[in-house]
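The structure appears right after this line, and notes come after that.
The values are calculated or read from the model by the stated rules, or taken from the named source; none is laboratory data. These numbers come from a predicted model, not from an experiment. Here the Cβ is made from the backbone with ideal geometry for all residues, glycine too, and neighbour counts use every protein chain on show. Each accessible area value is taken on the protein alone, full model and side chains, heavy atoms only, with ligands, DNA and RNA left out. Shrake-Rupley method; radii C 1.70, N 1.55, O 1.52, S 1.80 Å.
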Amino acid sequence: MKIISLLPAATEIVCALGLEDNLVGRSHECDFPDSVKQLPVCSEANFPDNLSSSEIDNKVKEILADALSIYTVKRDMIKELSPDVVITQAQCEVCAVSLKEVEEALDNYLDKQTHIVSLAPNKLDDIFEDIKTVAVVLDVEAAGSSLIEDLQERVDIIRHKLKYVEGRPTIACIEWLEPLMVSGNWIPEVVTIAGGKSLLAEAGKHSPFVTWESIKNADPEIIVVMPCGFSVERTMKEMDLLLNQPGFGELQAVKNNRLCIADGNQYFNRPGPRIVDSIEMLGEIIHPKLFNFGYEGNGWIKFSF
């Protein structure tokens with residue numbers, strides 16, 4: 001069975017199910033595990049990758065306003081690779097190649113019947129269900145059940161350790177810097193499991209735009225900056241967007257040295273198996289005396305002024 005994944009999370013799911021050798025193509029964003037980078041690239045973004053947060057936001061809005069696609073599907077490459085299964089998503093047209101784009105690109109174009117699988121996670125349970133869906137389609141149901149069991153066991157360990165912990169610090173998880181957005185979808189659940197209380201976003205709903213005043217008035221005990229698609233290093237380049245906000249230094253998270261930057265690209269905003277790594281990271285950030293999984297310095301850092 002030949003598989004093309006046009007979604008980084010799906011690529012990780014396929015590999016975690018033991019089917020990396022069946023992957024014949026990937027999206028331009030699929031980069032984990034590192035070995036998948038050698039695969040042919042079957043998509044590309046329709047804007048440069050060196051833009052600032054505000055420039056990316058403006059470009060995306062401009063493209064969508066013209067009813068154009070943010071991404072291009074390389075249909076000739078896909079036809080050459082002749083996949084049996086193509087995996088994409090219907091959760092966010094900004095985050096990755098969408099189901100509509102794949103269907104339009106491949107409609108009556110391939111020489112054989114290809115199964116298009118679309119993932120659309122909004123909540124944590126949806127991520128586990130997507131793993132199950134992919135496992136069923138790829139005929140590795142036992143591997144899927146085993147993977148989900150292992151992931152949920154790690155989640156249960158965290159829940160158990162926090163069972164009698166009363167303190168639940170408030171947390172603002174920032175998903176975009178300009179304009180400001182806080183993390184919705186599965187992130188509020190991830191925060192809750194890790195022993196915190198998410199602010200300004202609702203579980204299962206898309207990440208909302210917020211004003212700086214709303215963050216300042218909420219005065220979170222912890223701030224975790226995790227922009228979608230950004231590494232820690234990439235985020236560091238734009239931290240002035242937060243640091244220069246009026247009253248930023250007066251927030252209790254800042255005064256108490258509880259301002260952190262996390263890798264939103266590799267972890268928090270990628271709905272695959274490593275979402276459990278993200279929960280463990282938040283456990284380290286929120287309750288450092290209880291958890292030390294070894295992610296600090298790699299998956300996240302404490303911001304130093």
### Query
Near the amide H of residue 181, under 5 Å away, which other amide H atoms are found, from residues 5 or more places off or on another chain, if H is placed in the peptide plane?
175, 176, 210
### Amide proton proximity set for residue 170, modelled H, under 5 Å, gap of 5+
197, 221, 222
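Report the local net charge at residue 14: Lys and Arg +1, Asp and Glu -1, summed over other residues whose C-beta lies under 11 Å from its C-beta.
-2
Quick one: accessible area per residue over region 1-72, 1.4 Å probe, rounded to a whole number of Å²?
Details: 3280 Å² over 72 residues.
Spelled out: the 1.4 Å probe surface of region 1-72, per residue, equals 46 Å².
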### Computed [θ] at 222 nm, deg cm²/dmol, the chain (DSSP H ≥ 4; -39,500 (n - 2.57); rounded to nearest 500)
-10500 deg cm²/dmol
### Message
Apply the Karplus curve 6.51 cos²θ - 1.76 cosθ + 1.60, θ = phi - 60°, to the phi angles in region 150-161 and return the couplings in whole Hz, x for Gly and Pro.
### Response
5, 5, 5, 5, 5, 5, 5, 4, 5, 4, 5, 5
## Note on the structure
Pseudo-spin-label distance residue 104 to residue 84, built 7 Å along Cα→Cβ, given in nm, is 3.0
### Query
What distance in nm separates the simple spin-label points at residue 298 and residue 206, each placed 7 Å from Cα in the Cβ direction?
3.5
### Task
Kindly provide the chymotrypsin sites (Phe, Trp or Tyr not before Pro) of region 133-232 that DSSP labels as loop, not H, G, I, E or B, and whose Cβ sees at most 13 other Cβ atoms within 10 Å.
164
### Task
Please tell me which of these pairs span more than 28 angstrom C-alpha to C-alpha: 61/112; 197/255; 74/205?
61/112; 74/205
### Task
For region 43-51, take each phi angle, set θ = phi - 60°, evaluate the Karplus expression 6.51 cos²θ - 1.76 cosθ + 1.60, and give the result in whole Hz per residue in order, putting x for glycine and proline.
8, 7, 7, 8, 7, x, 9, 10, 7
### Task
First select every other residue whose beta carbon is under 13 angstrom from the beta carbon of residue 122; then total the charges, Lys and Arg +1, Asp and Glu -1.
-4
### Query
Which angle from 0 to 90°, rounded to the nearest 10, does the C-alpha axis of helix 124-137 make with the longest principal axis of the chain?
20
### Query
Can you tell me the accessible area per residue over region 178-238, all protein chains present, probe 1.4 angstrom, in square angstrom?
40
### Message
For residue 302, give me every one of the aspartates and glutamates with a C-alpha distance below 15 angstrom, ignoring sequence neighbours fewer than eight places off in its own chain.
### Response
221, 233, 263, 284
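Only Lys, Arg, Asp and Glu count, each charged at its Cβ (+1, +1, -1, -1), so figure out the dipole size of region 145-225 about its Cα centre, rounded to 20 debye. Don't jump to the answer; show the numbers that get you there.
Values: 8 positive and 12 negative charges, 40 e Å.
Result for region 145-225 is approximately 200 debye, rounded to the nearest 20.
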### Summary
Scalar couplings 3J(HN,Hα) for region 275-285 by Karplus 6.51 cos²θ - 1.76 cosθ + 1.60 (θ = phi - 60°), nearest whole Hz, x for Gly and Pro, are 5, 6, 4, 5, 5, 5, 4, 5, x, 4, 5
## Note on the structure
So the FRET efficiency between residue 154 and residue 72, C-beta based with R0 = 25 Å and rounded to 0.05, is 0.10
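Mean separation of Cα pairs under 8 Å and 6+ residues apart, divided by the residue count of the chain: what relative contact order is that in percent? Could the numbers behind the result be given before it?
Numbers: 535 pairs, mean separation 44.6, N = 305.
The value is 15 percent.
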### Query
What order do you get for 231-244, 118-131 when each peptide is scored by the mean count of other beta carbon atoms within 10 Å, highest first?
118-131, 231-244
## Note on the structure
Excluding ligands, DNA and RNA, the carbon-plus-sulfur percentage of the accessible area of the chain with a 1.4 Å probe reads 47
